[in-house]
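> I'd like to ask some things about the structure below.
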Amino acid sequence: MFYTPSRCTRYVLLFEGRTGSSYLTTLLDAHPRIRAMEEELRRLKPEGHQAQAEWIRRALRAPILSPIACRGFKTKLRDIADPAAFAELLQELQPRILFMQRRNRVKLAISEIRSRMLKERTDMYNAYRAEDRLPPVTIPLERFDRMLKERERLDAELKAFVDTLDLPHFDLFYEDILIDEEQFKRQVFSVLDVPYHDVQARTFKNTSDDLRAAVINFDSLKAAYAGTPYADMFDEVLVPADSADKVPGASNRSGSSPG
């Protein structure tokens with residue numbers, strides 16, 4: 001089957017780090033009808049909005065006839081040279097917005113820290129082999145608290161940006177992949193108007209869903225947040241350790257910014 005430009009779905013995946021965007025992008029790119037592109041806008045940011053806009057137009061432009069039914073790319077808001085001009089371009093091109101998020105803020109911050117440790121060890125922010133995953137680590141309270149506040153700020157800025165766009169956007173959550181990956185895949189393929197295919201992502205989960213297995217000083221970190229909205233997030237376990245091998249690794253592939 002071949003698709004004309006008018007029948008080709010276009011998307012932009014907006015995200016912040018450690019929310020599953022690498023999982024999702026490798027999943028989409030494994031689909032025979034989808035062309036899923038990476039974070040090229042990060043490389044082009046020093047060249048300004050015009051260079052980014054030219055790349056976006058090329059990336060989302062569909063050939064006259066193509067077997068590809070869907071085209072898109074992912075980006076962080078902080079990698080956009082001119083957010084206001086970027087928003088105007090999106091209004092013009094009318095892609096579907098996939099908004100990747102994570103509900104558990106504690107796990108998000110710990111995953112961010114561990115991804116940077118993984119980068120120091122393997123030169124990649126994601127684990128693409130099971131043996132590359134980190135063992136349990138000690139995370140200083142000051143580092144955790146600093147990361148938690150940084151991620152709250154970045155995620156709030158991204159949400160505010162998405163909310164200002166007069167475009168259909170679809171909220172996607174990391175936790176939903178863990179709870180029911182099959183249903184998550186069907187949801188995404190439906191949003192993008194492509195037929196379902198039983199494809200797999202390429203990332204491995206670097207941080208156990210049970211934080212006790214990933215953080216040596218778990219108890220002291222949890223105690224520091226007693227009585228706060230974050231307290232219950234430390235104990236959340238959505239999937240058992242023995243069933244969580246090939247689940248969303250995080251947001252970036254080798255060579256990308258971790259956060």
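> Tell me, please, whether a residue that is touching a residue at least 40 places away in the same chain (Cβ under 8 Å), outside any helix (DSSP H, G or I) and either within 19 Å of N217 (Cβ to Cβ) or under 17 Å from the mean Cα position of the chain (by Cα) (or both) can be found in the stretch 144-154.
no
> Please go through the stretch 1-46 and pick out each residue that is touching a residue at least 12 places away in the same chain (Cβ under 8 Å) and acidic (D, E).
Hits for the stretch 1-46 are E16, E38, E39, E40.
> Please determine, by comparing only the residues of the stretch 60-95 that are in a loop (DSSP other than H, G, I, E, B) and farther than 19 Å from S6 by Cβ, which one is most open to solvent (accessible area, probe 1.4 Å).
That would be D82.
Residue-wise test of (1) over 20 Å from L192 (Cα atoms); (2) of a type in the set (S, T, N, Q).
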position: L24; (1), (2): no, no
position: R57; (1), (2): no, no
position: R61; (1), (2): no, no
position: S66; (1), (2): no, yes
position: R71; (1), (2): no, no
position: A85; (1), (2): yes, no
position: L98; (1), (2): no, no
position: V106; (1), (2): yes, no
position: S111; (1), (2): yes, yes
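> Those residues that are within 27 Å of D123 (Cα to Cα), hydrophobic (A, V, I, L, M, F, W, C) and open to solvent by less than 50 Å² (accessible area, probe 1.4 Å), I need them from the stretch 208-232; list them, please. Let's see the steps before the verdict.
Of the stretch 208-232, the ones within 27 Å of D123 (Cα to Cα) are 208-218.
Adding the requirement that they be hydrophobic (A, V, I, L, M, F, W, C) leaves 211, 213-216, 218.
Once the filter is applied, which keeps residues that are within 27 Å of D123 (Cα to Cα), hydrophobic (A, V, I, L, M, F, W, C) and open to solvent by less than 50 Å² (accessible area, probe 1.4 Å), the stretch 208-232 yields L211, A214, V215, F218.
> Can you give me the number of residues within the stretch 102-131 that are open to solvent by less than 10 Å² (accessible area, probe 1.4 Å), in contact with a helix residue (DSSP H, G or I) (Cβ under 6 Å, 6 or more places away or on another chain) and not in a helix (DSSP H, G or I)? Full working, then the answer.
First, the residues of the stretch 102-131 that are open to solvent by less than 10 Å² (accessible area, probe 1.4 Å): 104, 106-115, 118, 126-127.
Filter once more, keeping what is in contact with a helix residue (DSSP H, G or I) (Cβ under 6 Å, 6 or more places away or on another chain): 104, 106, 108-109, 112-113, 126.
When the remaining residues are screened for being not in a helix (DSSP H, G or I), the result is 104, 126.
Looking only at that region, the number is 2.
> Give K149, K159, K205 a once-over and let me know the one that is buried (at least 19 other Cβ atoms within 10 Å of the Cβ) and out of contact with any Leu (no Cβ under 6 Å at 6 or more places or on another chain). Quick ask: steps written out before the conclusion?
Numbers: K149 fails: buried (at least 19 other Cβ atoms within 10 Å of the Cβ); K159 fails: buried (at least 19 other Cβ atoms within 10 Å of the Cβ).
Being buried (at least 19 other Cβ atoms within 10 Å of the Cβ) and out of contact with any Leu (no Cβ under 6 Å at 6 or more places or on another chain) holds for just one of K149, K159, K205, which is K205.
The values are calculated or read from the model by the stated rules, or taken from the named source; none is laboratory data. Since the model is a prediction, treat every value here as computed from it, not as a measurement. Cβ: placed from backbone, ideal geometry, glycine included. Neighbour counts: every protein chain shown. Heavy atoms of the whole protein, side chains included, go into the accessibility calculation; ligands, DNA and RNA do not. Shrake-Rupley method; radii C 1.70, N 1.55, O 1.52, S 1.80 Å.
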